[in-house]
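These notes concern the structure reproduced below.
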Amino acid sequence: MTKSYVIKPELGKEYPVISHGKGIYLYDKEGNRYIDGSSGAVTASIGHGVEEVAEAMYAQAKEVSFVYRSHFSSDAVEKLATKLAEWAPGSLNWTFFVSSGSEATETAQKIAIQYWQEKGRPTKNRIISRWMSYHGITMGALSMSGHVLRRKRFTSLLADYPAITGPYPYRKPEDMSLESYALACANELETAILRVGPEQVAAFIAEPVIGASGGAVVPPDGYFQRIREICDKYEVLFIADEVMTGVGRTGKAFGIDHWGVVPDLMTLGKGMSAGYTPMAATIVSDEIIETITKGSGSIMAGHTYSANPQSAAVSLAVLDYVEKHQLVEKAAEQGAYLLAQLKELADELPLIGEARGLGMLCALEFVKNKQTKEPFALSGGVGGKVIQKAFEKGLLIYPAMGGIEGVAGDAVIISPPLTITTEQIDELISLLKEAVIAVQQELQDKALIG
Ligand code: PMP
């Protein structure tokens, strides 16, 4: 093999070279087949090799791929924004296009701060987030993220934003009902706002279902309803980060739809173009756009690739495909089947503390002791082993680390394309089971678990 100069996630390690993909399967150049059990990074939600998307991409490239947004709009961008306005709840009608989830959340942060400036309240410029959260890798997005591993090297450069506890039902105090736990967690937002002072807080940001930093952690009913009330009471904007949960992944158009709550801003990425091109978005309410239009008249954000027709045409083809094949409904149905199979695994295998999820966003959390729920000291350590074993067996899954080492969380995300069939779920589960059993055996042999 010729020397590689690509900076890869693990330096010095060799990676297989991809050949092609079809549906839920990927093939490397050695001829090995893999089930894409997490849609890459919860991204390839309509599966690989979809002809309609390839055709839309070619058709747009033949016309024009790139124009700068200061000069032109395009049919593709206009149609996509209209479709997103139809999909999104309430008055979330306006889309600012970007190219990655990090850009989308950082744009939301900037728009929230600008909104209060336009209203003559410039001290409202801090964003409250949750400890267990991931909103992106750029400095603004990382400032709002609790992901300890990703923050570690840059802490001194990050904005000093308050963070609160997110609901984590698996580890709730045993003597507390789910209902009061939901309210207690949400009420932490009120405490944080009052501590900092409402006149200092621009927005609260949360993932409807916690992804990369927790592993499909679903909040109890009542949580987001109470969050909305608190945001309204103290005039704090609510940003729903739907980068992972959006576009059908959880069995509704958007994760927050499960609780009937309408945010003021919403971010999308990943499933929005299902990996066919980089594409992401910040969707905002009529009220925000009206305020900024009356004020300075322009949003202070933007990137060279914002609103390029090529990515918009692809994203439009992806959304059409989701609608045509009723993939939102399928995510709910097949996701329920997937979760039931994962729960059976959890009942059987002591290494699995919990199987959880919503729609086609599921996870397994590994624990040292199933009875006491004692976590492993190194967050992600056991999940990493399971991911490696699964990979060797031809199954790709995604890491989710609690972010607070030794306190909570060592999980893997199972989030296959929304197109997966029941038989394919069975195939996925059997490989996953083999991988977990192999790691469990290794840990038992070393007397690291009971
Ligand atoms: N928000 C959430 C909820 C995410 O899961 C991610 C990526 N895992 C991001 C933001 C950042 O997206 P990107 O990696 O595309 O910048």
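What to note about this one:
- Restricted to the stretch 183-220, and to residues there that are free of Cβ contacts under 8 Å to residues at least 40 places away in the same chain and charged (D, E, K, R), the residue that is nearest to the ligand (Cβ to nearest atom) is 188.
- Sole exception among (1) away from the ligand (no atom under 16 Å from the Cβ); (2) in contact (Cβ under 8 Å) with a residue 40 or more places away in the chain for residue 82, by number: (2)
- Being within 16 Å of the ligand (Cβ to nearest atom) and either touching a helix residue (DSSP H, G or I) at 6+ places or on another chain (Cβ under 7 Å) or touching a residue at least 40 places away in the same chain (Cβ under 8 Å) (or both) is true of residue 282.
- When restricted to residues that are more than 9 Å from the ligand (Cβ to nearest atom) and touching a Phe, Trp or Tyr at 6+ places or on another chain (Cβ under 7 Å), the stretch 98-111 contains 1.
- Matching residues in the stretch 136-147 - criterion: being assigned to a loop (DSSP other than H, G, I, E, B), near the ligand (Cβ under 10 Å from one of its atoms) and crowded, with 22+ Cβ neighbours inside 10 Å: 136, 144, 145, 147
- Qualifying residue in the stretch 101-110 (condition: of a type in the set (Asp, Glu), farther than 30 Å from residue 316 by Cβ and part of a helix (DSSP H, G or I)): no
- Among the residues listed as 38, 19, the single one being closer than 22 Å to residue 414 by Cα, polar (S, T, N, Q) and modelled with pLDDT of 95 or more: 38
- Filtered residues of the stretch 227-247 (kept if surrounded by 19 or more Cβ atoms within 10 Å (Cβ to Cβ) and either basic (Lys, Arg) or more than 12 Å from the ligand (Cβ to nearest atom) (or both)): 227, 228, 230, 231, 236, 237, 238, 247
- Residues of the stretch 100-129 satisfying the condition of being surrounded by 22 or more Cβ atoms within 10 Å (Cβ to Cβ) and either small (Gly, Ala, Ser) or not assigned by TED's automatic domain parsing to the domain that holds residue 160 (or both): 101, 102, 104, 108, 112, 129
- Among (1) within 16 Å of the ligand (Cβ to nearest atom); (2) among the basic types (Lys, Arg); (3) under 26 Å from residue 398 (Cα atoms) - the single one residue 8 does not satisfy: (1)
- Considering residues of the stretch 36-59 that are at positive phi and within 16 Å of the ligand (Cβ to nearest atom) only, the residue surrounded by the fewest Cβ atoms within 10 Å (Cβ to Cβ): 40
- Every residue from the stretch 258-279 that is within 16 Å of the ligand (Cβ to nearest atom) and among the charged types (D, E, K, R): 270
- Of the set (1) charged (D, E, K, R); (2) more than 21 Å from the chain's Cα centre (by Cα); (3) within 15 Å of the ligand (Cβ to nearest atom), all apply to residue 75 but (3).
- When residues of the stretch 285-304 are limited to those that are in contact with a helix residue (DSSP H, G or I) (Cβ under 8 Å, 6 or more places away or on another chain) and surrounded by 19 or more Cβ atoms within 10 Å (Cβ to Cβ), the one farthest from residue 222 (Cα to Cα): 299
- Single unsatisfied condition, residue 133 versus (1) within 12 Å of the ligand (Cβ to nearest atom); (2) assigned to a helix (DSSP H, G or I); (3) at pLDDT below 95: (2)
- Selected residue (criterion: farthest from residue 102 (Cα to Cα)) from residues of the stretch 14-73 that are of a type in the set (S, T, N, Q) and in contact (Cβ under 8 Å) with a residue 60 or more places away in the chain: 32
- Qualifying residue in the stretch 87-97 (condition: crowded, with 18+ Cβ neighbours inside 10 Å, part of a helix (DSSP H, G or I) and away from the ligand (no atom under 12 Å from the Cβ)): yes
- Near pairs, Cβ below 7 angstrom, 6+ apart or cross-chain, from the stretch 139-159 (at negative phi) to any residue that is surrounded by 13 or more Cβ atoms within 10 Å (Cβ to Cβ) and basic (Lys, Arg): 142/150; 142/151; 145/151; 146/130; 158/151
The values are calculated or read from the model by the stated rules, or taken from the named source; none is laboratory data. The structure presented is a predicted model; accordingly, all values stated were derived computationally and were not measured. No Cβ is skipped: glycine too gets one built from the backbone with ideal geometry, and neighbour counts run over all protein chains shown.
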